[in-house]
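The values are calculated or read from the model by the stated rules, or taken from the named source; none is laboratory data. Just so we're clear, the structure is a prediction, and the values are computed from it rather than from any experiment. All Cβ positions, glycine included, derive from the backbone under ideal geometry; neighbour counts span all protein chains shown. Please note that ligands, DNA and RNA were not included when accessible areas were found on the heavy atoms of the full protein model with its side chains. Shrake-Rupley method; radii C 1.70, N 1.55, O 1.52, S 1.80 Å.
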Amino acid sequence: MPETLLAPLRRLGGRVVHSVWRLGLATRFFFLTLLYSGTCVRRPHLVVKEIFSAGVLSLIIILVSGLFVGMVLGLQGYETLQTYGSEEALGILVALSLVRELGPVVAALLFASRAGSAMTAEIGLMKATEQISALEMMAVDPIARVVAPRFWGGVISMPLLAALFSAMGIFGGYLVGVVLIGVDEGAFWSQMQAAVDFRDDILNGVIKSVVFGVVVTVIALYEGYDAPPTAEGVSRATTRTVVSSSLAILAWDFVLTSFMFRGV
Amino acid sequence: MSDNLVEIRDLSFAYTDRLVLQGINLTARRGQVVAIMGNSGCGKTTLMRLIGGQLKPTRGKVWVDGQSVGDLDFAGLYRLRRRMGMLFQFGALFTDMSVYDNVAFQLREHTDLPEEMIRDLVLMKLNAVGLRGAQDLMPSELSGGMARRVALARAIALDPMLIMYDEPFAGLDPISLGVAGDLIRRLTDTLGLTSLVVTHDVQESLKIVDYVYFISEGVIVAQGTPQDIRASELPYVHQFVHGEEDGPVPFHHPAPDYAEELGLAHA
Ligand SMILES: Nc1ncnc2c1ncn2[C@@H]1O[C@H](COP(=O)(O)OP(=O)(O)O)[C@@H](O)[C@H]1O
Ligand SMILES: [Mg+2]
C-alpha cells in the first residue's frame, strides 16, 4: 500500500528536482552568453542580422495585433466610460493600458511564439545536423558566434516591438473612439498627454519589455541548445519554448507590476 | 618533431557508465591515410571526437602533434583545432550560408585577410574539390556527395595538418564514391596532410589507405596494411572484407528464442 502512494510522490519529486536543475543550467547558460558577448561588440553586423530575423520579421504580426487590441480597447473602454459620462478619458484608458501592460505583455507573448520558437528550432536543427559540433571543431565558440548575437538581437528588438505595438494600439483606439464613435478629438489627445507620465508609465513599460526580451530569448536559446538532436527532440523543445516563455512572461509581469505600481 | 602526428595510447572511454572504447592503441604517421573500420555503433565517431577534444578520455591519452589533447586548456585546444579539419558524416554545412560563404567561414573568423585574398583562397579550395562552379548555390541545393565535397573544401580552408573524415563514403553512388576516395588520397598527397578516415566501406577504403585498424565492440581486433588485411585469415576481418552476413558479427541482435517469443514453444 505505501508503495502505491510513494510512487507518484517520488515522480513528483523527480520532476521538481529536474526542473530546478534545468533552471540552474539555463541561468549558467545566460551568464555564459553575457561572458561571450565580446564578439557581438567587435562585429555588430552579426547582431544586426539577428535584429532583422527576430525583430523586422515579427513586425507584421505585432503591428496588426496592436491595431486590433487598440480598437477593442476603444470599443470596450467607451462602453464603460460612457456610463459615467466621462468618454473624454478614453485616451487615458487606451494609452495607459497599452504602455503599462498590454504593449509589453502581448508583444512579448507574440514575440515568443513568432521569434522564440524560430530561434529554438533553428538552434536545435543546427545541433541535430552537427553544425554546432562543426563550429567547435573549427575553433569557433558556438555561444559567442551563434547564441550571443541572437540573444542581443532579441533583447534589442523586444522593447522596439512593444513600443510599436503600443503606438499602433493607441492609433486603433483613436480610430474607433474618435473617428468612428465621435469622442472629442482634442480631449482624447490632451487628456492622454496630461495623464501619461514618462517615468512612471513609459519607462516602466520599457523596463518590462526589456526583461521580457531577456526572458524569452534565454528560454528560446537554451531550449534549442539543450534539445536532443532528433526531429522529436527539436519539436518538443519548440513547444516548451512557447509554453515556458509565455508563463514566464506572465509571472514576471506580476512581479514587476507589483514593484512598479503600488497604488500610491 | 615526431614522425607520428596522431598517437593514441591505452585509450578507454565511457559515456556515463557504458564503456564504448577500451585499450585503444593507434598511430597515424605524417602523410598517411589511416582508416578506422568497424560496424555501426562500435565507437568510431566517438574516437574522432576524442581526437578532436570534444570528449575527454576516461583513461589513456591522445596526442596530436605532440600535444596531449585531453590535457589542453580551452585556448590551447582551440589553437590546436585550427590546424585540424573534420568532415562530418553529412557535411554539417551552415545551411544559412552559400557554398562560397561556408568555405570562407574559417578564413573570416580566424584571419584578417582582405576580401580579395579570401576570394582567391576560396576559389582555389573549391577548385580542388571540383566545385568552383557551385559557389553561389545554397547547401539545400547540393546532392549528398557535393555537400561533402564542399565540407571538405571548408575543412582544408586553413591548410590543416590533419583531416578526420567521418564516414565519407556512406550513402554515395558508385561514381561519387570513387571521386571521394581519389580526392582524399590526392589532397593528402598534394597538401602534405595526414588523414584519418572512419568508414565501414572496406572495398573503397582499401584502395586508398596506407594502414587500417579494425574496431569491434570497442577494442582493436586487427590492423595492418591493405595487403595484410586482404590476406588476413582472421574470421572477423574475413567477414568484414568479404561482406558475409553471418560470422563473428552475428546477423541477429541478441533476442529471446524466436519460437518461444511467438508462443509456439507451448503448443
Ligand atoms: N552522446 C552519447 N551518449 C551516450 N551514448 C552514446 C552517445 N553517442 C554515442 N553513444 C553510444 O556509443 C556507441 C558508439 O557510438 P558512435 O561512436 O557514434 O559509433 P559509430 O560512429 O562507430 O557508429 C553507440 O552504441 C552509441 O549508442
Ligand atoms: Mg558514426
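So that you can scan it fast, the table gives a plain yes or no per residue for (1) surrounded by fewer than 21 Cβ atoms within 10 Å (Cβ to Cβ); (2) closer than 24 Å to residue A:250 by Cα; (3) at pLDDT 95 or above:
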{"site": "A:166", "(1), (2), (3)": "no, yes, yes"}
{"site": "A:195", "(1), (2), (3)": "yes, no, no"}
{"site": "A:203", "(1), (2), (3)": "yes, yes, no"}
{"site": "A:209", "(1), (2), (3)": "no, yes, yes"}
{"site": "A:213", "(1), (2), (3)": "no, yes, yes"}
{"site": "A:218", "(1), (2), (3)": "no, yes, yes"}
{"site": "A:222", "(1), (2), (3)": "no, yes, yes"}
* Asked: Which of the residues that make up the stretch B:150-167 are open to solvent by 10 Å² or more (accessible area, probe 1.4 Å) and within 24 Å of residue B:39 (Cα to Cα)?
  -> B:167
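Filter the helices (runs of 4 or more DSSP H) completely within the stretch B:71-170 down to those with at least 1 residues that are under 16 Å from the mean Cα position of the chain (by Cα). Walk me through it before giving the result.
On the way: elements: B:74-81, B:99-110, B:115-128, B:144-155.
Fully inside the stretch B:71-170 and qualifying: B:74-81, B:144-155.
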* Run down B:40, B:68 and say which single residue is away from chain A (no Cβ under 14 Å), more than 19 Å from the chain's Cα centre (by Cα) and of a type in the set (Gly, Ala, Ser). => B:68
* Asked: For residue B:48, all conditions in the list (1) near ligand 2 (Cβ under 10 Å from one of its atoms); (2) away from chain A (no Cβ under 14 Å) hold save one; what is the number of the exception?
  -> (2)
* To do: Please find, among B:75, B:92, B:28, B:14, the residue that is within 11 Å of chain A (Cβ to nearest Cβ), more than 14 Å from ligand 2 (Cβ to nearest atom) and among the small types (Gly, Ala, Ser).
  => B:75
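Give me the residue from the stretch A:133-166 that is more than 26 Å from the chain's Cα centre (by Cα) and among the hydrophobic types (A, V, I, L, M, F, W, C) and, out of that set, farthest from the other protein chains (Cβ to nearest Cβ).
Taking the stretch A:133-166 first, the residues more than 26 Å from the chain's Cα centre (by Cα) are A:133-141.
Next, only the ones that are among the hydrophobic types (A, V, I, L, M, F, W, C) stay: A:134-135, A:137-140.
Values: A:134: 4, A:135: 8, A:137: 4, A:138: 5, A:139: 4, A:140: 5 Å.
Taking the candidates together, the pick is A:135.
What number of residues within the stretch B:13-34 satisfy the criterion of being touching a residue at least 60 places away in the same chain (Cβ under 8 Å) and within 13 Å of ligand 1 (Cβ to nearest atom)? Write out each step before concluding.
From the stretch B:13-34, those touching a residue at least 60 places away in the same chain (Cβ under 8 Å) are B:19-26, B:28-34; that's our starting set.
Cutting the leftovers down to within 13 Å of ligand 1 (Cβ to nearest atom) gives us B:19-22, B:24.
So the answer is 5.
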* Test result for residue A:209, among the polar types (S, T, N, Q), in a helix (DSSP H, G or I), closer than 28 Å to residue A:132 by Cα and in contact (Cβ under 8 Å) with a residue 24 or more places away in the chain -> no
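Take residue B:85 and decide whether it is more than 10 Å from chain A (Cβ to nearest Cβ) and not hydroxyl-bearing (Ser, Thr, Tyr).
Numbers: more than 10 Å from chain A (Cβ to nearest Cβ): no; not hydroxyl-bearing (Ser, Thr, Tyr): yes.
When the stated conditions are applied, residue B:85 does not pass them.
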* Asked: If only one of B:227, B:223 is more than 16 Å from ligand 1 (Cβ to nearest atom), part of a strand (DSSP E or B) and within 24 Å of residue B:25 (Cα to Cα), which one is it?
  -> B:223
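Does the stretch B:53-67 contain at least one residue that is within 16 Å of ligand 2 (Cβ to nearest atom), closer than 30 Å to residue B:143 by Cβ and of a type in the set (A, V, I, L, M)? Show your work before the answer.
As a first pass, look at the stretch B:53-67 and keep what is within 16 Å of ligand 2 (Cβ to nearest atom): B:54-55.
Still in the list and also closer than 30 Å to residue B:143 by Cβ: B:54.
In the following step, the residues that additionally are of a type in the set (A, V, I, L, M) were identified as none.
No, the stretch B:53-67 contains no residue that is within 16 Å of ligand 2 (Cβ to nearest atom), closer than 30 Å to residue B:143 by Cβ and of a type in the set (A, V, I, L, M).
Taking residue B:10, is it at pLDDT below 90 and in contact with a strand residue (DSSP E or B) (Cβ under 6 Å, 6 or more places away or on another chain)? Spell out how you get there, then give the answer.
Numbers: at pLDDT below 90: no; in contact with a strand residue (DSSP E or B) (Cβ under 6 Å, 6 or more places away or on another chain): yes.
Criteria not met by residue B:10.
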